[in-house]
1. Would you mind working out the magnitude of the charge dipole of segment A:9-142 relative to its Cα centre, with +1 at each Lys and Arg C-beta and -1 at each Asp and Glu C-beta, to the nearest 20 Debye?
2. Is it possible to state the helix-based mean residue ellipticity at 222 nm for chain B, with each DSSP H run of 4+ residues giving -39500 (n - 2.57), the sum divided by total residues, to the nearest 500 deg cm²/dmol? What is it?
3. Rounding to the nearest 20 debye, state how big the charge dipole of the protein assembly as shown is about its Cα centre with +1 on each Lys and Arg Cβ and -1 on each Asp and Glu Cβ.
4. Within 10 Å of each Cβ in B:89-99, how many Cβ atoms from other chains are there, averaged over the peptide?
5. How would segment A:9-142 be classified by its alpha-carbon gyration tensor: rounded, prolate or oblate, with rounded meaning a/c under 1.5 and the a/b versus b/c comparison settling the rest?
6. Using only protein heavy atoms and a 1.4 Å probe, report how much of B:His69 is accessible, in Å² to the nearest 10.
7. In nm, to one decimal, how far is the A:Arg48 label point from the B:Asn118 one, both placed 7 Å along Cα→Cβ?
8. Can you bin segment B:31-100 into rounded, prolate or oblate? Criterion: square roots of the alpha carbon gyration tensor eigenvalues sorted a ≥ b ≥ c, rounded for a/c under 1.5, prolate for a/b above b/c, oblate for the rest.
Amino acid sequence: MSTATKIAYADVETGTELPAQTFPVTRATLVRYAGASGDFNPIHWNERFAREVGLPDVIAHGMFTMAEAIRVVTDWVGDPGAVLEYGVRFTKPVIVPDDGEGAVIEVSGKVAAKLADNTVRVDLTAMSAGKKVLGMARAVVRLA
Amino acid sequence: MALDQSFVGRTYPPTAPYEVGREKIREFAVAVGDPNPAYTDREAARALGHADVIAPPTFVFAITYDAAHRVLTDPALGLDYDRVVHGDQKFAYARPVRAGDLLSVVSTIEAVKSLAGNDIVDVRGEVRDASGELVVTAWTKLVSRAAEEG
């Protein structure tokens, strides 16, 4: 397993904060993600359908939000191959209105525990429109 | 609708191999807006110790979900797929997925339960390469929401 990461295990402590990031999401983002991921569920692009099934509007793919959140970790360490485990719970949808602005996902992370073999557990927080959209969002990553 | 508990522990035959393409990885990285060169530049990936460009961590979901979907739409299980939402997702990586991989998935139904009218199914997908080495294990929790009350 690669250890070509920018961050050294010795340089982090429990509580070390990772640089936070914000990720914009528009309807165009979701259409592109649908094509790339193969997930064409209409709740992610068809407002009429989304409302029919009881949603307030079109929502982002949960897996899109999951993909954005881990960037706080992969941008921090440089090598995405250093991620050993990654899990989330989808707690609230990211609602993406067709208003020319869309939504924003705000992601922060901190080192929650230093583990064996130069690995650390990072706990992530992902918010959109003031609500926590991911729960139990955790990654284990190997540092240099 | 009650799910058929006898599905717990069932394991399904490996899926036909999925060939991980360099351009498919690039398309996915662009779609999530991630400019990390490890996804698109072979030299950058090699400098990090990888044999070829690697895929973003969640890329493999398309492969494992496709395998899970085939299992969970078995009418005998009794899951109302029209009401299914994604509850939890977890991955454990033995190594990153990379271009050129031929990946095959073995799906196992780990749990089937009903809570407050919601039907919940946990599926584990073990993703192996052409040599049979484990690459990623994916755990997916799907929840079929209870019908709204009148």
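The values are calculated or read from the model by the stated rules, or taken from the named source; none is laboratory data. Just so we're clear, the structure is a prediction, and the values are computed from it rather than from any experiment. With ideal geometry, Cβ positions are generated from the backbone for all residues, glycine too; neighbour counts draw on all protein chains shown. For the accessible areas, the whole protein counts, side chains as well, though only heavy atoms, and no ligand, DNA or RNA atoms are used. Shrake-Rupley method; radii C 1.70, N 1.55, O 1.52, S 1.80 Å.
1. Values: 14 positive and 17 negative charges, 66 e Å.
Here the size comes out at about 320 debye.
2. My calculation for chain B gives -5500 deg cm²/dmol from helical runs alone.
3. On the way: 31 positive and 39 negative charges, 84 e Å.
Here the size comes out at about 400 debye.
4. The mean count of partner-chain Cβ atoms within 10 Å per residue comes to 5.
5. prolate
6. Number for this one is 70 Å².
7. In this crude label model, A:Arg48 to B:Asn118 measures out at 3.0 nm.
8. Here segment B:31-100 falls in the prolate category.
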